[in-house]
Amino acid sequence: MLINFRMLKSILLLLTVCLSRLSYSQNYPEYPHQSANIALVDEFMSEVNLNCPEYNTAEHKASVLERMQRIVIHEVALSMYPECQLLSSASKKNKCNPGMSYLLDSFDPLTFNPLKYFFQYSDTESIYYRVDGKNYIIEIKAKN
């Protein structure tokens, strides 16, 4: 069977797109991990929405809980996965609490408040952030 140049070009383009998607959405091996601490959702919301109580509603809380359930914090060696974008590169929410602290030196996965950041919550693929200089990777799982 003969394959013409146009067909070969299409196959190569499709292969390139598929491989690039694989490398972007790779799954990290199972390491010790934990979910975001949902028990602290009220404290997290109060901290982030300090001067905007209109955001501390039941509707907002339901949305926040749905997003928090998609967050997993993996403990991995610092030398692994250097391609991860750094947590410090994520946009910070400070409209309602400009004095909020974002110290990463004392990062604690048990008290980490993911609401402080404008994370990307993709419906189709997991997104990863490495905590700067720490042995933690924050995974935001795909919605599906």
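Do you know which residues across the stretch 72-117 are among the β-branched types (Val, Ile, Thr), closer than 19 Å to GLU43 by Cβ and touching a strand residue (DSSP E or B) at 6+ places or on another chain (Cβ under 6 Å)?
Listed by number, the list holds a single entry, ILE73.
For GLU83, all conditions in the list (1) of a type outside the set (A, V, I, L, M, F, W, C); (2) more than 22 Å from ASN37 (Cβ to Cβ); (3) in contact (Cβ under 8 Å) with a residue 12 or more places away in the chain hold save one; what is the number of the exception?
(3)
Within the stretch 53-62, does at least one residue satisfy the condition of being part of a loop (DSSP other than H, G, I, E, B) and either in contact (Cβ under 8 Å) with a residue 60 or more places away in the chain or of a type in the set (A, V, I, L, M, F, W, C) (or both)?
no
Hey, among SER89, SER126, SER101, which residue is among the polar types (S, T, N, Q) and under 17 Å from ALA36 (Cα atoms)?
SER126
All of the numbers you see were taken from the coordinates with simple rules; none came from a lab. It should be emphasised that the depicted structure is a prediction, and the values quoted were computed from it without experimental measurement. Glycine also receives a Cβ, built like all others from the backbone with ideal geometry; neighbour counts cover every protein chain displayed.
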